[in-house]
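What follows is calculated from the coordinates using simple rules that are stated; it is not laboratory data. If you're wondering where the values come from, they're calculated on a predicted model, not measured in any experiment. Here Cβ is always computed from backbone atoms with ideal geometry, including for glycine, and neighbour counts include all displayed protein chains.
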Amino acid sequence: MKCRAHFYLLNKDFSIEHADANHNGEESEVNRKYEWEDELNIPLGIDSYKKIENAVYVLRGLRGEEEFSYEVPKMLLFELKKDEGVTQVGCSESIIESYEVIEDGESVSIHFYIKDYEPMSNPVSGIFIAAQEFPKELIAE
C-alpha cells in the first residue's frame, strides 16, 4: 500500500477565533495554522506498519570518517515494513502535540503535529528529535 508521513509545525500564534470570524474557520496569510509542513513519501509502499511508543531510535552516521551510533530514548516511532526492509518515521514524544493515522483503502498517511515552542532537530528524513534528547556528543561547539 502507498504510505506518506506528514509533519506539521504548529503555529502557537494561530487564532481559531480570528479564522472563524474572518475566514470561515480557515487559516489566512496573516493567521497561519502551521509554521511549515514536511512530507515523506515511502517510494516502494509498505506491507504493514506498527506504532511503537516510548521507543529507542538508533541514530547512525559518519562524523568525518568515523562511524557513530547513539540511542535516542522517548520516541514515538512507526515501523513501516516492506519485504526489502523497515523504514522508521517519528518524533520525540515531548515535541508531539498530537498525531493521527489515516487509512484509505490502498494508502496510509501518518500525520505528526509538532509543538512550535520545543527546540528540535531533523537529522534524518522522517525523524524529529527534541533538543534535550539529541546526543550531546554530536552537538558542535
| request: Please enumerate the residues belonging to the stretch 41-80 that are in a strand (DSSP E or B) and aliphatic (A, V, I, L, M). | output: ILE42, ILE52, ALA55, VAL56, VAL58, LEU59, LEU62, VAL72, MET75, LEU76, LEU77, LEU80
| Inside the stretch 95-110, can you point out the residues that are outside any strand (DSSP E or B) and surrounded by 16 or more Cβ atoms within 10 Å (Cβ to Cβ)? | ILE95
| field | Near pairs, Cβ below 7 angstrom, 6+ apart or cross-chain, from the stretch 56-67 (within 18 Å of LYS136 (Cβ to Cβ)) to any residue that is small (Gly, Ala, Ser) and assigned to a strand (DSSP E or B) | value | TYR57/GLY90; VAL58/SER69; ARG60/SER69
